[in-house]
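One structure is given here, and the rest of the page talks about it.
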Amino acid sequence: MAKLKMKTTFSILTLMLLIGCSSLNNGLTKERIVFKKDHVGHRTTYSIYIPDFTNRQHEKLLSFGGHGHGFEIIYSDSSTIYYTNDHGMVTPNHKNYETINWKGYNIFEGEKDTILNGQQPDGRYWKEIRQGEDYFGYLNVAKQDKDLFDRALKTLKK
């Protein structure tokens, strides 16, 4: 009887864990981004759960060469989620720094983790996170979609 009770408790806990994990990504769908060896010198794969909109198409753009590589996932309403490690180019949010009166990253400070966010002049939202040499974020996001994009940024894996 004790074994049956233990199995039942374990089954219930497992089910609760699975339901909890799946609800974390509710409204998001997994996207894999692969850079081939001839693009960046070695095969590199990223995964991120991106907002899943039934009424919007999205396209994935890869960039490489110069000082690094990155990707942008652009939706048909122009909302965009991105990643880059290219320090030779400005990030997609560079113009949005002005909305918070920020001048940009100081090259003499070295790597400094930073989180920036604000509202664009058109009322949409933007966010950029710098972790070490990685920059990722979103722009052109409507208020009702902001939570989905914030959750998506937390799922980026290298």
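The values are calculated or read from the model by the stated rules, or taken from the named source; none is laboratory data. Please read all numbers here as calculations on a predicted model, not as lab measurements. Cβ sites come from the backbone with ideal geometry, for glycine too, and all protein chains shown count toward neighbours. For accessibility, only protein heavy atoms count, side chains too; no ligands or nucleic acids. Shrake-Rupley method; radii C 1.70, N 1.55, O 1.52, S 1.80 Å.
So the values come out like this:
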quantity: Per-residue SASA entry for R32, accessible area with 1.4 Å probe, Å² rounded to 10; calculated: 130
quantity: Reduced Cα scattering model of the range 111-158, Debye log10 I(q)/I(0), q = 0.21, 0.23, 0.29 Å⁻¹; calculated: -0.72, -0.82, -1.10
quantity: Residues with amide H under 5 Å from that of A142, placed H, sequence gap 5 or more; calculated: Y125
quantity: Where the range 50-158 is the region considered: accessible area per residue in Å², 1.4 Å probe; calculated: 59
quantity: In sequence order, calculated HN-Hα J values of the range 70-82 (Karplus, 6.51, -1.76, 1.60; Hz; x Gly/Pro); calculated: x, 8, 10, 10, 10, 8, 4, 8, 6, 5, 9, 10, 8
quantity: With all protein chains modelled, accessible area of Y105 [1.4 Å, Å²]; calculated: 60
quantity: Relative contact order (%) - the range 17-152, alpha-carbon pairs under 8 angstrom, separation at least six; calculated: 19
quantity: Accessible surface ranking that places the most exposed of I50, I100 first, with a 1.4 angstrom probe; calculated: I100, I50
quantity: Integer Hz, Karplus 6.51/-1.76/1.60 couplings in order for the range 33-48, x for Gly and Pro; calculated: 10, 10, 9, 6, 4, 6, 7, 10, x, 7, 5, 10, 10, 10, 9, 8
quantity: Residues whose placed amide H lies under 5 Å from that of T155, excluding near-sequence neighbours; calculated: Y49
quantity: 30 Å Cα-Cα threshold exceeded, pairs from K36/K146; K37/K143; K36/K143; K95/K143; calculated: K36/K146; K37/K143; K36/K143
quantity: Value of Rg to Rh for the range 50-143 (Rh from inverse mean 1/r over Cα pairs, i.e. Kirkwood); calculated: 0.97
quantity: Signed unit charges on C-beta, dipole axis of the range 48-158, positive-most listed residue Y83, G104, F64; calculated: Y83
